[in-house]
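Notes follow once the structure below has been shown.
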Amino acid sequence: MQIRVYYEDTDAGGIVYYANYLKYAERGRTEWLRARRLENGVLRGEEGILFVVRRVEADYHKPARLDDLLDVRSRVTGFRNASFSMNQEIWRGDEKLFRMRVDLACIDINGKPARLPGKVRKALEDGQSG
């Protein structure tokens with residue numbers, strides 16, 4: 001998924017504010033799921049589940065700047081019964097700017113841990129390659 005850096009994303013020096021990388025990753029993750037027919041609203045309505053962030057580990061390599069066109073790359077890296085992990089990277093051309101590992105928990109609509117439904121897990125497994 002591509003994202004353009006806007007003025008509102010930057011600090012006074014025209015550099016992307018650090019927390020915005022997490023927002024970019026969230027958008028990339030949401031679109032990655034959508035491309036696998038795992039829309040958040042449908043998962044909630046039909047499966048009765050939601051994904052919530054449980055843990056994030058982030059590395060900032062180089063700054064993104066005003067007007068940059070960024071590429072958000074997402075990939076599933078592992079599973080547990082009620083959670084999965086992803087690696088996400090943000091690139092500008094051939095330069096890696098940001099990398100994070102995110103652990104996502106599956107919960108039911110009451111906020112309790114829930115096992116990943118079979119068809120959801122299958123779609124996530126199919127996305128492990130990219």
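The values are calculated or read from the model by the stated rules, or taken from the named source; none is laboratory data. As the structure is a prediction and not an experimental result, all values here were calculated from the model. Positions of Cβ are backbone-derived with ideal geometry, glycine not excepted, and every protein chain shown enters the neighbour counts.
Go through (1) within 30 Å of THR10 (Cβ to Cβ); (2) charged (D, E, K, R); (3) more than 14 Å from the chain's Cα centre (by Cα) one by one and return the number of the condition GLU31 breaks.
For GLU31, the exception is condition (3).
Being part of a loop (DSSP other than H, G, I, E, B) and touching a Gly at 6+ places or on another chain (Cβ under 8 Å) is the filter here; which residues of region 100-130 pass it? Break it down stepwise before answering.
Residues of region 100-130 part of a loop (DSSP other than H, G, I, E, B): 109-112, 114-117, 127-130.
Selection gives ILE109, ALA114.
Test of understanding: among ARG55, ARG27, ARG73, which residue is modelled with pLDDT of 95 or more and surrounded by 15 or more Cβ atoms within 10 Å (Cβ to Cβ)?
Values: ARG55 fails: surrounded by 15 or more Cβ atoms within 10 Å (Cβ to Cβ); ARG27 fails: surrounded by 15 or more Cβ atoms within 10 Å (Cβ to Cβ).
Just a single option satisfies the conditions, and that option is ARG73.
Among the listed residues VAL5, VAL42, which satisfies the condition of being more than 22 Å from ALA64 (Cα to Cα) and out of contact with any Pro (no Cβ under 8 Å at 6 or more places or on another chain)?
On the way: VAL5 fails: more than 22 Å from ALA64 (Cα to Cα).
None of the other options fit; the residue is VAL42.
How do the pairs read when you match residues in region 71-89 that are under 14 Å from TRP32 (Cα atoms) and free of Cβ contacts under 8 Å to residues at least 12 places away in the same chain with residues anywhere that are of a type in the set (Asp, Glu) and surrounded by 21 or more Cβ atoms within 10 Å (Cβ to Cβ), using Cβ under 7 Å and keeping only pairs 6 or more apart or on different chains?
none
In this structure, does ARG34 turn out to be free of Cβ contacts under 8 Å to residues at least 40 places away in the same chain, within 30 Å of ASP108 (Cα to Cα) and surrounded by 13 or more Cβ atoms within 10 Å (Cβ to Cβ)? So that I can check it myself, show each step before the final result.
Numbers: free of Cβ contacts under 8 Å to residues at least 40 places away in the same chain: yes; within 30 Å of ASP108 (Cα to Cα): yes; surrounded by 13 or more Cβ atoms within 10 Å (Cβ to Cβ): yes.
Yes: the conditions hold for ARG34.
Restricting to region 86-130, count the residues that are more than 28 Å from LEU66 (Cα to Cα), of a type in the set (S, T, N, Q) and in contact with a strand residue (DSSP E or B) (Cβ under 7 Å, 6 or more places away or on another chain). Spell out the reasoning first.
Residues of region 86-130 more than 28 Å from LEU66 (Cα to Cα): 103-129.
With of a type in the set (S, T, N, Q) added as a condition, the list becomes 110, 128-129.
Okay, now just the ones that are also in contact with a strand residue (DSSP E or B) (Cβ under 7 Å, 6 or more places away or on another chain), so 128.
Of the residues in that region, 1 qualify.
What strands (runs of 3 or more DSSP E) completely inside region 1-85 contain at least 2 residues that are farther than 18 Å from GLU95 by Cα?
Where strands (runs of 3 or more DSSP E) fall fully within region 1-85 and carry at least 2 residues being farther than 18 Å from GLU95 by Cα, they are 49-60, 69-80.
Which of the residues that make up region 86-99 are surrounded by fewer than 19 Cβ atoms within 10 Å (Cβ to Cβ) and either in contact with a helix residue (DSSP H, G or I) (Cβ under 7 Å, 6 or more places away or on another chain) or not in a strand (DSSP E or B) (or both)?
GLY93, ASP94
So which residues in region 1-24 are under 10 Å from the mean Cα position of the chain (by Cα) and surrounded by fewer than 19 Cβ atoms within 10 Å (Cβ to Cβ), if there are any at all?
LEU22, LYS23
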